[in-house]
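Below is one structure, written out as structure tokens; the observations come after it.
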Amino acid sequence: MRTLILMRHAKAVRPHEADSDKARGLTSRGRRDSAAAGAAMEDAGVKPTLALVSTSQRTRETAEYGLLNFAPETRAEEALYHAAPEGIWDAFSACEAESVVIIGHNPGIGELVTMLVHQAHDGSKLAREFGGHFPTAAFAAFEVKGDLMRAAGPRLIAAWKPSRDKGGDD
């Protein structure tokens, strides 16, 4: 059984604050949330050995701040930039690492989380917490076996989203 950790990039600067969409870096809140997500992964015993990251600045910075304690092999993947759920799954399927974190963008990341939770028939509070919305810096970790549409009982093993009661929206 393999572990798939799906993570949305953390809070990025507004589009007009960067030269292009790909050049949008993280805000100070985004950097804090990335680090907190990494701490939550560690607390949950989720330890990625490979990070597949979209080529955008905000996803690369999310990996830098969020995966600091893990030091996984990191690969920037152009195909993950605004990828659909199937493209994200294909990236996971194409690698052999046992524990993979994929850092990307909504709607694809959030949609894949929803699909896997649905396949897992997981009605837990943990699964319901996202309620169709996958916020910035959130992650969901699954134990997975098999293909996307035939995954043999994906199991949600950890999930986290940042608290919004700790400071501003910078």
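The values are calculated or read from the model by the stated rules, or taken from the named source; none is laboratory data. Values in this document were obtained by computation on a predicted structure and should not be read as measured data. Neighbour counts are summed over all protein chains in view; Cβ atoms, including those assigned to glycine, are modelled from backbone coordinates with ideal geometry.
Please go through region 108-134 and give me each residue that is part of a loop (DSSP other than H, G, I, E, B) and at pLDDT 95 or above, ordered by number.
Within region 108-134, the subset part of a loop (DSSP other than H, G, I, E, B) is 121-124, 129-134.
Within region 108-134, no residue meets the criteria.
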Q: Might you let me know whether region 155-163 holds any residue that is in a helix (DSSP H, G or I), of a type outside the set (K, R), at pLDDT below 95 and within 16 Å of the chain's Cα centre (by Cα)?
A: no
Q: Give me the pairs, please: first residue somewhere in region 15-32 and over 19 Å from H82 (Cα atoms), second residue anywhere and hydroxyl-bearing (S, T, Y) and surrounded by 14 or more Cβ atoms within 10 Å (Cβ to Cβ), beta-carbon distance under 9 Å, and either six or more positions apart or on two chains.
A: R29/T136; R31/T62; R31/Y65; R32/Y65
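I'd like to know if region 42-60 contains one or more residues that are farther than 17 Å from A141 by Cα, over 13 Å from the mean Cα position of the chain (by Cα) and not small (G, A, S).
Within region 42-60 (the criterion being farther than 17 Å from A141 by Cα, over 13 Å from the mean Cα position of the chain (by Cα) and not small (G, A, S)), the answer is yes, since at least one residue qualifies.
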Q. Got a number for residues in region 34-60 being assigned to a helix (DSSP H, G or I) and touching a residue at least 60 places away in the same chain (Cβ under 8 Å)?
A. 5
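Residue under question is F92, and the condition is that it be farther than 16 Å from R24 by Cβ and at pLDDT 95 or above; does it hold? Give the derivation first.
Values: farther than 16 Å from R24 by Cβ: yes; at pLDDT 95 or above: yes.
When the stated conditions are applied, F92 passes them.
Kindly indicate whether A63 is free of Cβ contacts under 8 Å to residues at least 24 places away in the same chain and part of a helix (DSSP H, G or I).
Spelling it out, it is not the case that A63 is free of Cβ contacts under 8 Å to residues at least 24 places away in the same chain and part of a helix (DSSP H, G or I).
From the list E61, E78, exactly one residue is surrounded by 15 or more Cβ atoms within 10 Å (Cβ to Cβ), farther than 18 Å from V113 by Cβ, among the acidic types (D, E) and at pLDDT 95 or above. Which is it? First the steps, then the outcome.
On the way: E78 fails: surrounded by 15 or more Cβ atoms within 10 Å (Cβ to Cβ).
Step by step, each of E61, E78 is checked, and only E61 is surrounded by 15 or more Cβ atoms within 10 Å (Cβ to Cβ), farther than 18 Å from V113 by Cβ, among the acidic types (D, E) and at pLDDT 95 or above.
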